[in-house]
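Report on one structure; see the data block that follows.
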Amino acid sequence: METAYRRDEEDAVSACVLDDMVLLYHRRSGQTHMVISPVPEILERMVDGETVTAAAMHDRLARDFDLGERAAAVAEIGSHLDALVALGLVRPA
Amino acid sequence: MSEPTPDPQSQEAQAGEAGSPAPSRRQLLMGGAVAASAIVSIRPALANTAASVLNCTIPVPDQGRAGSAIAPNGQVVPAGTPGAFPGTGRSFTGEQVKQAMRGRPLPGTSYEQNQAYLNYIRRLQRGTSGFTCYASLQMPR
Amino acid sequence: MLRIGPATFRIGSAWGRPIDALARLYADYPDVRGAIADFTVRLQPASALRRWVRPHIFITGDHGLADAAPMSLAHGLLAAEMGMNLQMALGWRRHLLLHASSVEKDGRVLVMTGESGSGKSTLAALLGERGWRLMGDEFALLDMASGAILPFPRLVSLKNRAIDVVAGEVGAARMGPLLRATAKGDIRHMVPRGDAVARMDEGGMPALLLFPRFGHEAAVRDVGQGEVFMRLTQASTNYVALGEPAFAALTRFVREVPARAIDFPSGDAAIAMVERLWSETP
């Protein structure tokens, strides 16, 4: 059973792109996070209200990026999604 | 709906055959390595004793001198250290970063370099007691 | 009653001496008797006995920290200044507070942030005597709507060797008493010049951010925007509390204001570096 993730309107972040990282302000928690790839790319490819698995997110990213070996990449993307869940930016579906 | 995973090699081959200068696909992950955290959060530290708050100092930025490098774990090391990335002098416009996020490569950077830089930021945040100085006065929401 | 920039303080004390010192040094500041104070600062003895016997001052007021260490009466002036710092740090919400010094020239503002001992206060004081207007040495106030830096020109707190350097330039009339052996060493306060006081309501747009570091061979380094942002959040007492407007204001600041780290062996070297960097800043 694959873990699924979702993001809702209430999880919205305000983003600011700096020259060396991206800043996210998470409105619901009032927290600010400094993030680097692949987090901004993952968040960009989530759609509010829709669920996505790590594998599906991998495939979305793979259209634009070289991710290397698939199984390892899916695992890594899953870790990033879990980190986002821990911070409240994404929810488990 | 999942699409078939694109084969990176055939993609590159196609790009080459097309003749026009296609942007090489930027590598996004370390591929096989344990996923490193890509997030550092701004956190107020636990309140310190009042005396230290009133007398607190925010330590000197311990940034390397011009020409120092940043190792993958975020430590500042002498320039030329194998495996380390140039520490300063990186300045990309917001526009370049946005384009990179759309798949065009950020000039001269790699996933590892980004990770090294974030690790540097993370170390700074943990290491500086200034973090517990004025930051300790902030109440988390 | 004392007004510094946009903030008004009422300062009460169980002892006369610190108040007298404050009154003398702040003599040329606006008369705000009868105004409504933003903050109250109180210098209190621990107990009735402690008012007279080995008197120790507890700093309190609208905002306090329960386990603050007491200070000696000899350092009463410092206690009052720290009390004002504390009120601002804990209570000010109208602007984003940055622990930084700032000086203005031609409507543009130089902001300097760093540790005690980094030289930011001394540099600000020296620049204030060389054609720049001192805006503040402790707090720079960032207006979240306009992006401007607003003045908060308190007495400049000089430590140890910096005392002689500055006192030699400004003269005794503008210097407070020597406070020996405080937690941060010897301290003397300097009264800002008349123009700094007179123009305490005039802000300016930030044009350059410096991270000064005194006591090293001269050097200039770029600082990445991510690092600038992280350090400024550490240097702000109210970034978290102010929420999204603070995020917007600070990110705007980071993206629009160039930043450099400068190391210098002496005040003169620092001044030269500052003037050069300023002239090169668009």
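Computed from the coordinates by the stated procedures, all read-outs in this text should not be read as laboratory data. All values reported here derive from a predicted model rather than from experimental measurement. Because the Cβ atoms are built from the backbone with ideal geometry, glycine has one as well, and the counts that use them run over all protein chains shown.
Between C:Ala48, C:Ala145, C:Ala207, the Gaussian network model of chain C with springs among Cα atoms under 10 angstrom shows the greatest mean-square fluctuation at C:Ala48.
A cut-off under 11 angstrom between Cβ atoms defines the neighbours of A:Ile42, and their net charge, with Lys, Arg +1 and Asp, Glu -1, is 0. With coordinates expressed along the principal axes, the C-alpha atoms belonging to region C:134-277 extend over 44, 35, 30 Å, beginning with the largest. Shown is the FRET efficiency for C:Ala27 and C:Ala218, computed with R0 = 51 Å from the Cβ-Cβ distance and rounded to the nearest 0.05: 0.85. From its DSSP helices (H runs of at least four residues, each -39,500 (n - 2.57)), chain C gives a residue-normalised ellipticity at 222 nm of -9500 deg cm²/dmol. Applying the criteria of a DSSP loop state and at most 13 other Cβ atoms within 10 Å to the trypsin sites (Lys or Arg not before Pro) of region C:1-100 yields C:Arg33, C:Arg93.
Can you pull out the GluC sites (Glu not before Pro) in region C:101-195 that DSSP calls coil and that have at most 15 other Cβ atoms within 10 Å? Show your work: numbers first, answer last.
Numbers: sites: C:Glu104, C:Glu115, C:Glu129, C:Glu138, C:Glu169; in loops: C:Glu115, C:Glu129, C:Glu138.
Taking region C:101-195 and a limit of 15 other Cβ atoms within 10 Å, the loop GluC sites (Glu not before Pro) found are C:Glu129.
Sorted from greatest to least, the principal axis extents spanned by the alpha carbons of chain C come out as 58, 43, 33 Å.
Evaluating 6.51 cos²θ - 1.76 cosθ + 1.60 at θ = phi - 60° for every residue in region C:240-255, the Karplus couplings come out as 5, 5, 7, x, 5, x, 5, 4, 5, 5, 6, 5, 4, 4, 5, 7 Hz, glycine and proline recorded as x.
Taking every C-alpha pair closer than 8 Å and separated by at least 6 residues, the mean separation divided by the residue count of region A:9-76 gives a relative contact order of 19 percent. Using the Karplus relation 6.51 cos²θ - 1.76 cosθ + 1.60 with θ = phi - 60°, the per-residue 3J(HN,Hα) values for region C:157-168 come to 8, 10, 10, 6, 5, 4, 4, 5, 4, 7, 4, x Hz, with x marking Gly and Pro.
Taking Cα atoms of region A:1-43, Rg/Rh with Kirkwood Rh, to two decimals? Walk me through the numbers on the way to the answer.
On the way: Rg = 11.8 Å, Rh = 11.5 Å.
That ratio equals 1.03.
Summary value for chain C: 17 percent relative contact order, contacts being C-alpha pairs under 8 angstrom separated by 6+ residues.
Give me the mean projected area, in nm² to one decimal, of the convex hull enclosing the Cα positions of region C:23-145. Write down the numbers at each step before the final one.
Numbers: hull surface 39.8 nm².
Mean projected area of the Cα convex hull: 10.0 nm².
Could you give log10 I(q)/I(0) at q = 0.11, 0.24 Å⁻¹ for region A:20-93, computed by the Debye formula over C-alpha point scatterers of equal weight, without solvent? The Cα Debye sum returns log10 ratios of -0.27, -1.22. The 3J(HN,Hα) values that the Karplus relation (6.51, -1.76, 1.60; θ = phi - 60°) gives for region C:173-190 are, in residue order, 4, 9, 10, x, x, 6, 9, 8, 6, 7, 4, 10, x, 6, 9, 9, 9, 10 Hz. Gly and Pro appear as x. Close amide H pairs (under 5 Å, H built 1.01 Å from N) link B:Asn73 with no residue at least 5 positions away or on another chain. Filter the trypsin sites (Lys or Arg not before Pro) in region A:1-45 down to the DSSP loop ones having no more than 16 other Cβ atoms within 10 Å, then list what survives. Taking region A:1-45 and a limit of 16 other Cβ atoms within 10 Å, the loop trypsin sites (Lys or Arg not before Pro) found are A:Arg27, A:Arg28, A:Arg45.
For region C:67-226, just say rounded, prolate or oblate: build the C-alpha gyration tensor, square-root its eigenvalues into a ≥ b ≥ c, call rounded for a/c under 1.5, and beyond that prolate if a/b exceeds b/c, oblate if not. Spell out each step's value before the answer.
Values: a/c = 1.41, a/b = 1.27, b/c = 1.12.
Here region C:67-226 falls in the rounded category.
Centre-to-centre, using Cα atoms only, region A:64-93 and region C:7-42 are separated by 57 Å. Distance from the alpha carbon centroid of region C:191-216 to that of region C:104-120 works out to 6 angstrom.
Averaging sequence separations of C-alpha pairs under 8 Å and six or more residues apart, then dividing by the length of region C:141-277, give the relative contact order as a whole percent.
Working: 171 pairs, mean separation 38.7, N = 137.
Result for region C:141-277 is 28 percent.
The H on the amide N of A:Asp66, modeled in the peptide plane, is under 5 Å from the matching H of B:Arg26, B:Gln27, B:Leu28, each at least 5 residues off or on a different chain.
If you stretched the chain out fully between C:Val165 and C:Ala48, how much longer would it get, using 0.36 nm times the residue separation minus the C-alpha to C-alpha distance?
Values: separation 117, 0.36 × 117 = 42.12 nm, distance 4.08 nm.
That pair, C:Val165 and C:Ala48, stretches by 38.0 nm at full extension.
What number, rounded to the nearest 500 deg cm²/dmol, is the helix-based mean residue ellipticity at 222 nm of chain A, given -39500 (n - 2.57) per DSSP H run of at least four residues and division by all its residues?
Values: 3 runs with 33 residues, N = 93.
After summing the helix terms and dividing by residue count, I get -10500 deg cm²/dmol.
With a ≥ b ≥ c the root eigenvalues of the C-alpha gyration tensor of region C:31-96, is it rounded (a/c under 1.5), prolate (a/b larger than b/c) or oblate? Since a/c reaches 1.5 and a/b is larger than b/c, the shape of region C:31-96 is classed as prolate.
Each other residue within a Cβ distance under 14 Å of A:Ala71 adds +1 if Lys or Arg and -1 if Asp or Glu, for a net charge of -3. Taking a Cβ cut-off of under 11 Å around C:Ile271, the surrounding Lys, Arg, Asp and Glu residues balance to a net charge of -1, with basic ones at +1 and acidic ones at -1.
Can you give the FRET efficiency for A:Arg45 and B:Ser37, using 1/(1 + (r/R0)^6), R0 = 22 Å, r = Cβ-Cβ distance, to the nearest 0.05?
Values: r = 20 Å, r/R0 = 0.89.
Calculated value: 0.65.
Around the amide H of C:Met144, modelled in the peptide plane, lie the amide H atoms of C:Leu96, all under 5 Å away and 5 or more residues distant in sequence or on another chain.
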